[in-house]
Amino acid sequence: MSMELRLGVRPVGGNNPLYVVFEAGPTHSGLATAIQLVDVAAAAGADAIKFQIVDAERLIPDPNVLFTYEVLLDRATGTRETVRESLQAILKRRELTRQEWRELAAYSHSKGIAFFATATDEDAMQLLADIGADTIKIASGDINYHQFLQRAAQYPWIVQIDNGSSTLGEIEEAVRVLEEAGCRKIIINHCPSGYPAHLESIHLRVIGTLRQMFPYPVAFSDHTPGADMDIAALALGAAMIEKTITLDRTIRSPEHIMSLEPHEAAGFVQTLRDMEIALGSPRRSMGDEERKRRLVARRSVILTTQARKGQKLEDLAVSFQRPGDGLAPDLFAKLGACRVRADLPAGHKLRLTDLDSE
C-alpha cells in the first residue's frame, strides 16, 4: 500500500478512494475557455484540474522545431488528419498572464477542486507556490533535469513526476534526487507517450512495477480516448487518474482528439467510481443482507425418513434441498457422530438445536 498524501481537500494514496484529475493544460485557448473547463471538471465531480504554465519562447526558442499530431475531422467516421506545426506556436496558445493564472487558481478553489500545473521553469514554479498550489508536476521530458527537481523539492508541496519514455532506472534516479533534496511527498505518474497513445506504448503493467518499487502513490496519465485504459489502470492499483478534457474534440490542436467532451465528463467519473466499488476489498467479506440472500441458493439437510431419539446423524436417511436456512451440508459431514435429541418426522429440516453433541 502506498503512503497517503493530502492533495487539496482530499487525500490520495493509502486506502483512500481514487483521485480524479482533469487535464486542461493543452486544451484551453485563454482564460475564458480555461474557466469553462474548470466548470466542466467541477460539475463532473473531479477532485482537481491541471494546467501547464509555459513560456513558449523561453522553452522552445526556435520556431522551426515542428511537432506532429493528429486532429479529428469527423466524429461519425473517425476521420483524422496528421498535422505538423511549430511547437513554439502550439505552446504559445497555452500561455496566460500571471494575473490570469492567479484568477484561474482562485476560481478553481471557489469551485471546490484543487488546482495545479506542470511547470517548465523556475518562474512558473514560484508562481504556483505563490498561488497556493498543493502540488507541482514535472513533465516527462524533465525527468533527467535534476537541477529542476532539486528546486521543486525545496517547496512543501507534493512533487509529481511523469515517466513518459523514461527507463525504470531514470525514474529511480529522479526519485533519489527528490528524496536527497528533502522531498518525501512524491506521486509517480505512468504517462504513455503519444497523442493519442498507441496500445503498444501504454504498458499498463508498469503501474504494478512502480507500486512495488516505490512507497509513493502511482498515478496514470491517460492519452487514449474513452475510459477503457483508465478502468484497467484503476484495477491495477493506480491511486490517481489524470484525463484530458476539451470543449470540442475537433479543435485543431494537440490532445483534443483523445479528450473527453463536457457531456462525457460526469459519466467518466461515475464509471470510475462504480468500478472502484465493484473492485471491493482483496479480502472476501459479506454484509448481513448478502448472507441472508445467499441462503436461497444454499441447501439444508432434510430427513427423508423418520428419525428416532438417540440416532446418530450419520445413520439418518437425508436429502439436501434449498433453501439453506437449516443445517448446512458441510456441518452434516462434520457432525456425523452427534445424536438426535428427540423423535423427528420425515421431511423435517434439521437444525443444530435438534442435535446433542454426544
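The values are calculated or read from the model by the stated rules, or taken from the named source; none is laboratory data. Just so it is clear, the structure is predicted and the values come from calculations on it, not from any experiment. As a convention, Cβ positions derive from the backbone with ideal geometry for all residues, glycine included, and neighbour counts pool all protein chains shown. Heavy atoms of the whole protein, side chains included, go into the accessibility calculation; ligands, DNA and RNA do not. Shrake-Rupley method; radii C 1.70, N 1.55, O 1.52, S 1.80 Å.
Filtering the stretch 6-36 to residues that are touching a residue at least 12 places away in the same chain (Cβ under 8 Å), under 15 Å from Ile241 (Cα atoms) and assigned to a strand (DSSP E or B) leaves Leu7, Arg10, Val12, Tyr19, Val20, Val21, Phe22, Glu23.
Yes or no: Leu204 surrounded by fewer than 19 Cβ atoms within 10 Å (Cβ to Cβ) and within 20 Å of Val20 (Cα to Cα)? When the stated conditions are applied, Leu204 passes them. Remark: pairs (first residue in the stretch 331-358, open to solvent by less than 80 Å² (accessible area, probe 1.4 Å); second residue assigned to a strand (DSSP E or B) and of a type in the set (Phe, Trp, Tyr); Cβ separation under 9 Å; 6+ apart in sequence or on different chains) = Phe332/Phe320.
The residues listed here are Tyr107, Tyr69; of these, the one that is more than 27 Å from Ala197 (Cα to Cα) and among the hydroxyl-bearing types (Ser, Thr, Tyr) is Tyr107. Scanning the stretch 226-258 for residues that are farther than 26 Å from His28 by Cβ and either of a type in the set (Val, Ile, Thr) or open to solvent by 50 Å² or more (accessible area, probe 1.4 Å) (or both) returns Ile231, Ala235, Leu236. Residue count for the stretch 42-74, restricted to those that are assigned to a loop (DSSP other than H, G, I, E, B), hydrophobic (A, V, I, L, M, F, W, C), open to solvent by 50 Å² or more (accessible area, probe 1.4 Å) and touching a residue at least 24 places away in the same chain (Cβ under 8 Å): 1. Among the residues making up the stretch 259-313, those that are out of contact with any Lys or Arg (no Cβ under 9 Å at 6 or more places or on another chain), open to solvent by 80 Å² or more (accessible area, probe 1.4 Å) and assigned to a loop (DSSP other than H, G, I, E, B) are Pro282, Arg283, Arg284, Ser285, Gln306, Arg308.
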